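Notes follow the structure.
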Amino acid sequence: MTAPTVDRGGDVAGAGDALAAEELVEELGGPSPLWRWVGTPVVLAGVCAALYVYVQGQDLDRIEEAALNAPMIRQRVLEHLELTAVSTFFVIVIAVPLGMLVTRPATRRLAPAVLAVANVGQSIPSIGILVLLAVVVGIGFEQAITALVLYAVLPVLRNTMVGLDQVDRSLIEAGRGMGMTARQVLLRIELPLAVPVMLAGIRTALVINVGTAALATFIGAGGLGWIINQGNIHDRTPVLVTGSVLTAVVALALDWIAGIVEDLLRPKGT
Amino acid sequence: MTDASRSPEPMIRLESLTKRYPGQAVPAVDGITLDIPKGEIVVLVGPSGCGKTTVLKMINRLIEPTSGRVLIGGEDVTRADADELRRHIGYVIQQIGLFPHMTVAENVGMVPKLLHWEKQRIAARVDELLELVGLDPAEYRDRYPKELSGGQRQRVGVARALGADPPVMLMDEPFGAIDPITRDRLQNEFLRIQADVRKTIVFVTHDIDEAIKMGDRIAILREQSHIAQYDTPEAILTAPADGFVEDFIGAGAALKRLNLTRVREVPLDHWPAASVHEDRARLRRLLAESEQGSLLLLDEEDRPLRWVTARDLAREREPLHRVGLPATAVVEPHATLHDALDEMVTSTVGCAIVVDRRGRYQGVVDLGTVTSAIDEMRSDVRRRDRAVAEAEAAPGDAVGEVG
């Protein structure tokens, strides 16, 4: 499974790492953008095919068949995607405006407090938040979403703040100096130029959410974690392998899509 | 001090403009009052920390004044809508601040767009402005700022500031971050543009040489933007108001004055000159008739070719275009006397040859021309100061003149 390393206290999640890694890859004469775009799906398709062949080759018992049939797998994958998509959506809706708010001159002093709260959300282990929520407000889809959102707000918030703060002050002065309103400067200058860093944060949040959504099964929200858990409690290796590999494939596929979006939305001329 | 701002209609008037920051004992700008005449470049110059940039930014209210007023075209703008105000004031900063994610055309067309001009009108205006600053629209319109050199970016910055044809422009060390050679060229280009567009410009710099070159008038500011002297460059160089101004101008005020006069403004001397195709007997006679020891030979298009002496003419075997010395030290009419002097000292005959734009011989400038230009400047300023003093003394005659 993908294990994104997120620096809890300090750095911008993803942005620096992603850029550095890209530069390194380019320097080493690594994959061209085309190969990055095409290579990942080819590899992932190959992995899925190999998994299919492996499972077909097994002699499945009743327990295994209950977990490894097409409708069940489809349902769990869709649940997983739904958990990821809905939680990431709310993360963006909450963290991006919040990041914009705490970088405005008038409300900048709120930044430390907001960051502190977001830091707490990320510092508590995700399984802890899930269980805590289950105890306090019960189990289900909404609770799982709440936990995922709390856990992934920080990278998006932080990257939005850093992305907006790194916009050259002289551009803002030039904008205001020629008669753009504060709002026009934000929408036409600051946000477009902050997009790459913000997207890196969103991509990190997405990957965190795919991984954490695997835990949602423990509070009854389903997802691919259910398959893994079935394999675990019944001690059935094919089930365990299928759940784990599918989780990894979904994570990599979403990361691949996010990468393409990043490439497409990068402002021209920068 | 002399009141230099006697022009009938100041475009910008600063009235006791003050900026006080909370928690600071002394104001950053302490009640500056200044009239900026229409169509002129007024340079605010002073040591760093004197508040000159603060004064500039109070004009377009990027910094709100604590007290005092700014009048533009007679209208008090201290209460006006600041964003709307700024759309009608061109603004150029040292960092230029071109938007990197927008093309040259989008950058230049930004203010017209903010003013809701029609698309076609904006496109036409952008092309017009790029032409004006010497960039081919077809080639540069769709480029991004990172695809331009520093000098080209600066030109786009100026074009952008001229976007909606504002009557007033504010420039904050616009050429500060550019290498000296390019800066010199951009300054000259800007002066050429200004001769066409005649904007009222407030220009901030810490470089007195730039102030002398660019300013129709210079306001030398000391701490808290107290005006040490506000006058024409000639007057400031010839008659510094006090020790502070003298120190600030620094050494070589006389040499700096040479930057103020252009070759086309002084009477040219005539040197014996003739076509290289004349026969030698005639050339010899010409040389003998003149008081000079050499003759300037010109090519078929009147362009200076060689300096020749009587001895060179005597060398019959060599063709004329190979004898003597090459005619170097050539200046055009828009060169300053400083440039001409520079050429002169390297020239073999001690004078600079003046040619027109096509390189045709016009006359020469020598050391005598330079000295008399300095003398004239000095007496001009004295004459003016005397006239001002008399005008000021006149109403007080009855009281003042006792003995």
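The values are calculated or read from the model by the stated rules, or taken from the named source; none is laboratory data. This one's a predicted model, so the numbers in the text were calculated from it and none came from an experiment. For neighbour counting, all protein chains shown are included, and Cβ atoms are generated from backbone atoms with ideal geometry for every residue, glycine included. Just so you know, the surface numbers come from the protein's heavy atoms only, side chains and all, with ligands and any DNA or RNA stripped out. Shrake-Rupley method; radii C 1.70, N 1.55, O 1.52, S 1.80 Å.
Here are the numbers for the structure shown:
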quantity: Where only C-alpha atoms are counted, convex hull volume of region A:56-191 per residue in Å³; calculated: 168
quantity: Simple label model, 7 Å out from Cα along Cβ direction - B:ASP76 to B:ASP207, nm; calculated: 3.9
quantity: Contact surface A-B: accessible area buried, both sides summed, square angstrom, 1.4 angstrom probe; calculated: 1900
quantity: Options B:LEU170, B:ILE374, B:LEU268, ranked by Cα towards positive dipole end of the protein assembly as shown, top entry (Cβ charges); calculated: B:LEU170
quantity: FRET efficiency estimate (nearest 0.05) - Cβ-Cβ, B:ASP142 to A:ASN69, R0 56 angstrom; calculated: 0.50
quantity: Helical segments meeting 15 Å axial Cα length and Kyte-Doolittle 1.0 threshold in chain A (DSSP H); calculated: A:33-56, A:70-101, A:111-123, A:126-137, A:141-165, A:191-213, A:237-265
quantity: Computed FRET value (nearest 0.05) for B:GLU318 with B:SER290, which takes r as the C-beta separation and R₀ as 25 Å; calculated: 0.65
quantity: Axial C-alpha extent at least 15 Å, average Kyte-Doolittle at least -1.0 - helices from chain B (DSSP); calculated: B:119-132, B:150-161, B:180-197, B:367-393
quantity: Heavy atoms of A:MET161: accessible area, 1.4 Å probe, square angstrom to 10; calculated: 20
quantity: Rg to Rh quotient for the protein assembly as shown, alpha carbon positions, Kirkwood Rh; calculated: 1.18
quantity: Convex hull projection area averaged over all views, chain A, Cα basis, nm²; calculated: 16.6
quantity: Residue list for region B:323-365, given a label point 7 angstrom along the Cα-to-Cβ vector of B:LEU255 and an amide N cut-off under 13 Å; calculated: B:338-339, B:341-343, B:345
quantity: Computed accessible area, B:SER372, all protein chains, 1.4 angstrom probe, square angstrom; calculated: 60
quantity: Accessible area of chain A belonging to carbon and sulfur atoms, whole % at 1.4 Å probe; calculated: 68
quantity: Rg/Rh for chain B, where both radii come from Cα atoms and Rh is the Kirkwood radius; calculated: 1.07
quantity: Segment B:GLN187-B:ASP242, length gained on full extension (0.36 nm per residue, minus Cα span); calculated: 16.9 nm
quantity: Carbon plus sulfur fraction of accessible area for chain B, probe 1.4 Å, in percent; calculated: 48
quantity: Inter-centroid distance (Cα atoms) of region A:150-175 relative to region B:114-171, Å; calculated: 29
quantity: Zone of A:GLN184's modelled label, taken as backbone nitrogen in region B:142-159 under 18 Å from a point 7 Å along Cα→Cβ; calculated: B:157-159
quantity: Stretch gain in nm, segment B:LEU115-B:ALA310, where the contour uses 0.36 nm per residue and the Cα spacing is subtracted; calculated: 63.2 nm
quantity: Difference of contour (0.36 nm per residue) and Cα-Cα distance, B:GLU223 to B:ARG382; calculated: 54.4 nm
quantity: Label-point separation in nm, A:ARG104 to A:LEU34, each point 7 Å along Cα→Cβ; calculated: 4.7
quantity: Accessible solvent surface per residue of region A:198-270, calculated while the other protein chains remain in place, 1.4 angstrom probe, Å²; calculated: 36
quantity: Estimated FRET transfer efficiency (A:THR237, A:VAL42; beta-carbon r; R0 45 Å; 0.05); calculated: 0.95
quantity: Net dipole in debye of chain A [+1 Lys, Arg Cβ; -1 Asp, Glu Cβ; about Cα centre; nearest 20]; calculated: 960
quantity: Contact order normalised by residue count of chain B, Cα under 8 Å, 6+ apart, percent; calculated: 15
